[in-house]
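Okay, so here's the structure we're looking at.
The values are calculated or read from the model by the stated rules, or taken from the named source; none is laboratory data. Since this is a predicted model, take the numbers as computed values, not measurements. So basically every Cβ, Gly included, is an ideal-geometry build from the backbone, and we count neighbours across all protein chains shown. Calculation scope for accessible area: heavy atoms of the full protein, side chains included, ligands and nucleic acids excluded. Shrake-Rupley method; radii C 1.70, N 1.55, O 1.52, S 1.80 Å.
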Amino acid sequence: MDMPDTAMPTLYLSHGAPPLVDDQLWVSELAAWSRDLPRPKAVLIVSAHWESAPLTIGTVTTGTPLIYDFGGFDPKYRRVRYAAPGAPELARTVAALMPDDEPVHHRPDRGLDHGAYVPLTVMYPAADIPVLQVSLPTLDPPRLLHLGERLRPLRDEGVLIVGSGFTTHGLPFLRDWTPNATAPGWSREFDGWAAEHFAAGDVDGLVDFRSKAPGMPYAHPTIEHFAPLFVALGASSDAEQEPDQVIDGFWMGLSKRSLQFA
């Protein structure tokens with residue numbers, strides 16, 4: 001890879017379910033955001049929808065079928081294609097960055113899941129940037145911060161590191177499933193708390209979100225959708241920085257707050 005003039009930022013995206021691509025506001029916000037980013041040499045993405053320990057590297061082969069890991073939606077969402085180029089060189093570099101005493105697994109048959117390809121279809125619709133997805137090897141925030149730190153050198157090589165989740169994800173507690181639904185109290189409270197802690201660069205508070213954040217456990221009855229934040233945060237230049245909170249608001253009552261770290 002050619003060396004860029006400056007390091008790429010890292011992102012935490014609230015990616016949503018497949019129908020989020022029909023939300024004109026979200027699509028316009030995400031598309032505009034991606035246009036403002038330096039063009040990456042490759043994208044390395046971790047998604048809430050792939051937990052596997054130890055760290056597992058997905059396909060490096062162009063055209064591996066996508067994973068339609070959802071149900072109950074219009075069949076058209078299973079006809080989406082996103083044949084981004086594979087990134088075998090990036091895969092080798094990621095494996096080399098891991099500690100010698102921590103094995104790395106490979107899943108050459110695993111294509112991108114919807115937590116990865118849904119936002120990428122908006123950000124890079126031409127599918128002309130190599131993409132590599134790796135698993136969340138743990139949900140423990142300090143360990144994910146450390147993983148991000150190990151991946152940090154990739155930013156100097158033009159790699160865009162993306163954590164894809166959702167700032168609130170209390171699906172069992174939603175009562176109104178329309179896109180413009182009023183956000184439940186637990187979703188608004190968690191979102192407000194998160195926004196304040198992001199602005200303050202309060203890493204310790206964010207790490208302890210399960211015990212400190214209002215709206216829990218309703219905002220995250222399981223925590224895999226907030227976990228990718230810590231990979232992006234760890235890979236940033238300074239975990240205590242104030243990030244750009246590029247997207248906010250709610251969709252189906254869930255917070256779609258999304259961040260960019262220098």
> Assigning unit charges at the beta carbon (Lys, Arg +1; Asp, Glu -1) and nothing else, what dipole magnitude in debye, to the nearest 20, does the stretch 119-262 show about its Cα centre?
Replying inline: 440
> Cα extents of the chain along the three principal axes, largest first, in whole Å?
Replying inline: 46, 42, 34
>> What are the ³J(HN,Hα) couplings of the stretch 156-168, residue after residue, when phi is run through the Karplus curve with 6.51, -1.76, 1.60 and θ = phi - 60°? Round to Hz, x for glycine and proline.
In response: 6, 9, x, 8, 8, 9, 10, x, 10, x, 6, 5, 10
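Please list, by residue number, every one of the chymotrypsin sites (Phe, Trp or Tyr not before Pro) in the stretch 154-262 that is coil in DSSP and has at most 13 other beta-carbon atoms within 10 Å. Show your work: numbers first, answer last.
Details: sites: PHE166, PHE173, TRP177, TRP186, PHE190, TRP193, PHE198, PHE209, TYR218, PHE226, PHE230, PHE250, TRP251, PHE261; in loops: PHE166, TRP177, TYR218, PHE226.
In loop regions of the stretch 154-262 (DSSP not H, G, I, E or B), the sparsely surrounded chymotrypsin sites (Phe, Trp or Tyr not before Pro) are TRP177.
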>> Applying a 10 Å radius around every beta-carbon, put 73-84, 12-23 in order of their mean neighbour count, most first.
In response: 12-23, 73-84
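Loop only per DSSP, at most 15 neighbouring Cβ atoms within 10 Å: give me the trypsin sites (Lys or Arg not before Pro) in the stretch 137-225, ordered by residue number. Don't jump to the answer; show the numbers that get you there.
Working: sites: ARG143, ARG150, ARG155, ARG175, ARG188, ARG210, LYS212; in loops: ARG175.
Counting only loop positions with at most 15 other Cβ atoms within 10 Å, the trypsin sites (Lys or Arg not before Pro) in the stretch 137-225 are ARG175.
Let me know the shape class of the stretch 116-197, please: from the alpha-carbon gyration tensor, a ≥ b ≥ c as square roots of the eigenvalues, rounded when a/c is under 1.5, otherwise prolate if a/b is greater than b/c, or oblate.
Cα axes put the stretch 116-197 in the oblate bin.
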> Which of PRO153, LEU66, PHE209 sits farthest toward the positive end of the charge dipole of the chain, with +1 on the Cβ of Lys and Arg and -1 on the Cβ of Asp and Glu?
Replying inline: LEU66
> Residues with beta-carbon under 13 Å from that of PRO184, excluding PRO184: net charge, scoring Lys, Arg +1 and Asp, Glu -1?
Replying inline: -1
>> How high is the relative contact order of the chain? Use alpha-carbon pairs under 8 Å, at least six apart in sequence, and give a whole percent.
In response: 31
> Over what distance in Å are the Cα centres of the stretch 75-103 and the stretch 183-212 separated?
Replying inline: 30
> How high is the relative contact order of the stretch 145-233, given as a whole-number percent (alpha carbon pairs under 8 Å, six or more residues apart)?
Replying inline: 50
> Per residue, how much accessible area does the chain have with a 1.4 Å probe, in Å²?
Replying inline: 42
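About the Cα centre, and with charges only on the beta carbon of Lys, Arg (+1) and Asp, Glu (-1), how big is the dipole of the stretch 168-249? Nearest 20 debye, please. Spell out each step's value before the answer.
Working: 4 positive and 13 negative charges, 94 e Å.
Dipole of the stretch 168-249, to the nearest 20 debye: 460 debye.
How charged is the neighbourhood of VAL80? Take every other residue with its Cβ under 14 Å from the Cβ of VAL80, and add Lys/Arg as +1 and Asp/Glu as -1. Write down the numbers at each step before the final one.
On the way: positive: LYS76, ARG78, ARG79, ARG81; negative: ASP22, ASP69, ASP74, ASP113.
Neighbour charge sum, excluding VAL80 itself: 0.
Would you calculate, for the chain, the mean residue ellipticity at 222 nm contributed by helices, counting each DSSP H stretch of 4 or more residues as -39,500 (n - 2.57) and dividing by all residues, to the nearest 500? Could the numbers behind the result be given before it?
Numbers: 8 runs with 77 residues, N = 262.
For the chain, the value works out to -8500 deg cm²/dmol.
What percentage of the solvent-accessible surface of the chain, computed with a 1.4 Å probe over protein heavy atoms, is contributed by carbon and sulfur atoms? Working shown, then result.
Details: 5610 of 11120 Å².
The value for the chain is 50 percent carbon and sulfur by accessible area.
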